[in-house]
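Comments concern the structure below.
The values are calculated or read from the model by the stated rules, or taken from the named source; none is laboratory data. All figures in this text were calculated on a predicted structure; none of them were measured in a lab. Glycine also receives a Cβ, built like all others from the backbone with ideal geometry; neighbour counts cover every protein chain displayed. Just the protein is used for accessible areas: all its heavy atoms, side chains included, with ligands, DNA and RNA removed. Shrake-Rupley method; radii C 1.70, N 1.55, O 1.52, S 1.80 Å.
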Number of protein chains: 2
Amino acid sequence: MKKKAAEQPFGVKEIARRANVAIATVDRVIHNRPGVSPKTKSKIEAIIRELNYQPNILARRLASRHILRLATVLPKVSSQETDFWTLPVAGIQKAEEEIKQFGVKVEPFYFDLNDRKSFGKVTKQVLKNPVDGILLAPSFIEESVAFIRSCKELNIPYVFINSDIPQQESLCYIGPDLFRSGYQAGQLIRYCTPRNARVLVLNISHEIEDHHHLLRKEEGLRAYFQDTKRPIVKKDIRQTDQASIEKELSKALQQHADVRAIFVTNSRVAAVSRYLEKKGIDKDILLIGYDFTKENVSRLDQGHIDFLICQQPQEQGYRGIMALYQHLVMKVPVEKTHFMPIDIITKENHAFYNCDDHDYC
Amino acid sequence: MKKKAAEQPFGVKEIARRANVAIATVDRVIHNRPGVSPKTKSKIEAIIRELNYQPNILARRLASRHILRLATVLPKVSSQETDFWTLPVAGIQKAEEEIKQFGVKVEPFYFDLNDRKSFGKVTKQVLKNPVDGILLAPSFIEESVAFIRSCKELNIPYVFINSDIPQQESLCYIGPDLFRSGYQAGQLIRYCTPRNARVLVLNISHEIEDHHHLLRKEEGLRAYFQDTKRPIVKKDIRQTDQASIEKELSKALQQHADVRAIFVTNSRVAAVSRYLEKKGIDKDILLIGYDFTKENVSRLDQGHIDFLICQQPQEQGYRGIMALYQHLVMKVPVEKTHFMPIDIITKENHAFYNCDDHDYC
DNA sequence: CTATTTTCCGGGTACGTTACCGAAAGATAG
DNA sequence: CTATCTTTCGGTAACGTACCCGGAAAATAG
């Protein structure tokens, strides 16, 4: 049951012995601190490479008096519009629970998705505190770019979650591949509707950045039907309240009476389903949308929504924090992109969707 | 950036001080070792409760000279039959990589799924070594029950993976909910075939235990169609080579020419798809099967299989090890069952299925 | 060449636990 | 009552790393 651990891994002590220096000196070169002559420094570095020295994380965290502070910058959870962000937040908390033993602390900051100014205010707030890493949902592109410029100056690593801003040298991106998820929706529609049934794409959002986000999904869908002559129409709805959605939707359906499938490019699909149910046409039109929100799941369960495409939101939060942790504590390189699986949720399987991370089972 | 950690958590030192004893004595009661009088023991225990003492895992692992040995008992990977188990093994390795820093070592043992005697031999082998925890795929029920009886006597915790033996006081079960996955298959079939198209259920396996395993899926499928008058036929195939499968399958299809959907209750679906392709009827019959094996994915990609139902095999391995780790190292209670999500894999999304855990993307 | 600064480095303590060794009690035997 | 064993406990060296402090050597100034 109990045995001595294999003494394979060498420590600073062995390095110091071989280099004929003190442990403190080895420590200095490991942390790239000044006070070491170039000669001894290179000698020690050579030995470190030779022994393939791997610092003992436990001892390191134990001896270190620091605590790592991670900040999350996410949209406020608004139960009225969509509670999508509750799940990433849950994942973040789970991650924090796991690693707080290791001296990591997570401090959440929230901005208002309907108020781009709030984003700037919150990010300014973040940088006032001492922070070692940032998890960011870059909902507003311009403001985000400005923010991460500051981060770069301060040498604070940041990871993007849920939507990406490419070429911004983030530590990594964690979230969906938007194009492929639209492509996936295309496949579901092809399987479940007649060959030439019309498809209606609905982008429901009043923020322009977010809109760009939705566009990629639409592109994916169109790419799937590229070679077929499937009729596809698109409708942008800029007001996200139920009444406006219904009005616009009604107009669109009047104009195209042959619509047999609706692809809502975000989590507002519940509002659409309510309209279809009211009109008694929810069984005639295939309805596909996004995200595992409470309301969406409820309406999926009642049969008013056919498919929900999800991207493991709580896992995104969990991995976002863990990526920072891996980078800052474990000092291991992290992959640049973590595309989440494209999960297809139905009435039948929703109860089992990541059931161990929350209370649905 | 750097600050003193909150000194909130009390350690053994503080406990010793308050109890007017030495640290060693506190350590003795913490580990329930002999050599402490009942009086001082209860006094120390009271203080521990009062302070809500949480041991520092890092210091504990650092100071401990022990290494934890976990054994995995899984089916051998046979590329000929099915390489299903490569993914759980990958997950296990990933977990080991993550926690070997903490003094955990994983030692794999493999048995032959086609030879129940090998199971007994391997498990005997396992108990010869010193082992602190076991991850077990209980493919052979009787033998497994005997094995875990020994484990219980030796007080070694064990977790079941991929298939469960209920009421066996395992630390936990990690794997699919078989019934619900069959139910899910029903839903896919309803969506993708005409209302009264016949469904053929294929159980392809020559081991009886395994068969019982498959039966639950069939039950799920039938449960889905319970109220409808959907015609369903079932065929058991006891020989798993391609020729036997084709012979039996051909017989079944001759007998029921109106079959429009085939539900293969395990990963042998590729063999079926090969037959359908050969006969040129792979486009006429909806084919649903299980598991993300290389061959299955390849044939899914070529359009010969329509859906694969998967249960995150690598995640199962990962979580299995982590559950033991959580229990043995972190000493936190683990949930009794981890039902994995029921993932629906298609030509369109397979490339994104847990792509960060292996090399498919 | 001496005085002062700068550069470089070693000693040593701390982090919270584990676990070994041996000492002081107490119990038992003779 | 002494000798021996047993129970109960305290002191303390590790574990591998971080980091402070002070001292020697080297560089610069005077």
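Points worth noting:
- For A:Ile288, the shell of other residues with beta-carbons less than 11 Å away shows a net charge of 0, using +1 for Lys and Arg and -1 for Asp and Glu.
- Chain B, helix-only ellipticity at 222 nm - DSSP H runs n ≥ 4, -39,500 (n - 2.57), divided by all residues, nearest 500: -13500 deg cm²/dmol
- Exposure of B:Leu51 as accessible area (Å², to 10), given a probe of 1.4 Å and all protein chains: 30
- Contact order relative to length of chain B, as percent, for alpha carbon pairs under 8 angstrom and 6 or more apart: 17
- Comparing mean-square fluctuations of B:Ile44, B:Ile161, B:Ile309 from a GNM of chain B with C-alpha springs under 10 Å, the top value falls on B:Ile44.
- Of all beta bridges that DSSP places with both ends in chain B, some 10 percent have antiparallel geometry.
- For region A:72-119, heavy-atom accessible area (probe 1.4 Å) falls by no less than 20 Å² from the chain alone to the full protein assembly at A:Glu98, A:Gln101, A:Phe102.
- Region B:88-157 shape via C-alpha gyration tensor axes, a/c threshold 1.5: oblate
- Spin-label pair B:Ala24-B:Lys251: with each label point 7 Å from Cα along the Cα-Cβ axis, the two points sit 7.6 nm from one another.
- Candidates B:Leu276, B:Leu253, B:Leu328: whichever shows maximal mean-square fluctuation once chain B is modelled as a Gaussian network with Cα springs under 10 Å: B:Leu253
- Residue pairs, from the table A:Lys39/A:Lys152; A:Lys13/A:Lys41; B:Lys247/B:Lys278, whose Cα atoms sit over 20 Å apart: A:Lys39/A:Lys152
- Low-density loop positions, trypsin sites (Lys or Arg not before Pro), region B:265-346 - DSSP coil, at most 13 other Cβ in 10 Å: B:Lys283, B:Lys331, B:Lys336
- A simple rule links phi to the HN-Hα coupling: the Karplus curve 6.51 cos²θ - 1.76 cosθ + 1.60 with θ = phi - 60°, which for region B:123-133 gives 5, 4, 4, 4, 6, 5, 7, x, 9, 9, x Hz, with x for Gly and Pro.
- Cα gyration tensor category, rounded, prolate or oblate, for region A:12-55 with a/c compared to 1.5: rounded
- Teacher prompt: B:Gly303 distances to equivalent labels in other copies, 7 Å Cα→Cβ, nm: 3.3
- Nm distances between copies for A:Glu97, ranked from closest, using label points 7 Å along Cα→Cβ: 2.6
- Entries in A:Lys251/A:Lys279; B:Lys100/B:Lys121; B:Lys294/B:Lys347; A:Lys294/B:Lys347; B:Lys76/B:Lys294; A:Lys94/B:Lys336 that, when Cα-Cα distance is taken, lie over 21 Å: B:Lys100/B:Lys121; A:Lys294/B:Lys347
- Using alpha-carbon coordinates, inclination of helix A:38-51 to the longest axis of chain A, degrees: 60
- According to the Kirkwood relation over distinct C-alpha pairs, the hydrodynamic radius of region A:248-337 is 15.2 Å.
- Note on chain B: with charges restricted to the Cβ of Lys and Arg (+1) and Asp and Glu (-1), its dipole about the Cα centre is near 1400 debye.
- Range of Cα positions in chain B per principal axis (Å), largest first: 85, 51, 40
- Shortest-first distances to equivalent copies, position A:Lys247, nm, label 7 Å out along Cβ: 7.2
- With q set to 0.11, 0.16 Å⁻¹, the log10 of I(q)/I(0) for region B:178-310, from the Debye formula over equal scatterers at the Cα positions, is -0.32, -0.72.
- Dipole check for the protein assembly as shown: with +1 at the C-beta of Lys and Arg, -1 at the C-beta of Asp and Glu, and the Cα centre as origin, the magnitude is about 2300 Debye.
- For region B:1-138, the relative contact order comes to 25 percent (Cα pairs under 8 Å, sequence separation of at least 6).
- Region A:233-292 shape via C-alpha gyration tensor axes, a/c threshold 1.5: rounded
- Fraction of antiparallel bridges per DSSP, the protein assembly as shown only, in percent to nearest 5: 10
- Angle between chain A longest axis and helix A:269-278 axis [Cα atoms, degrees, rounded to 10]: 20
- Bins of 5 Å, starting at 0 and running to the largest distance - Cα pair percent for region B:40-132: 3, 11, 15, 14, 15, 11, 9, 8, 6, 4, 3, 1, 0
- Alpha carbon Rg of the protein assembly as shown, scaled by the compact-globule rule 2.2 N^0.38 Å: 1.06
- Ranking B:Phe307, B:Ile288, B:Thr240 by how far each Cα lies toward the positive end of the dipole of region B:224-361 (charges on Cβ) leaves B:Thr240 at the top.
- Taking Cα atoms only, the orientation of helix B:178-192 departs from the longest principal axis of chain B by about 40 degrees.
- Estimated inter-spin distance, B:Glu207 and B:Asp258, nm [label 7 Å along Cα→Cβ]: 3.8
- Taking only the Cα atoms of region B:181-234, the ratio Rg/Rh comes out at 1.00, with Rh defined as the Kirkwood radius.
- Each Cα pair under 8 Å and six or more residues apart adds its sequence gap; the mean of these over the residue count of region B:113-240 is a relative contact order of 22 percent.
- Selection from B:Pro34, A:Pro55, B:Asn196, by position along the positive dipole direction of the protein assembly as shown (Cβ): B:Pro34
- Estimated FRET transfer efficiency (A:Arg33, A:Glu219; beta-carbon r; R0 51 Å; 0.05): 0.55
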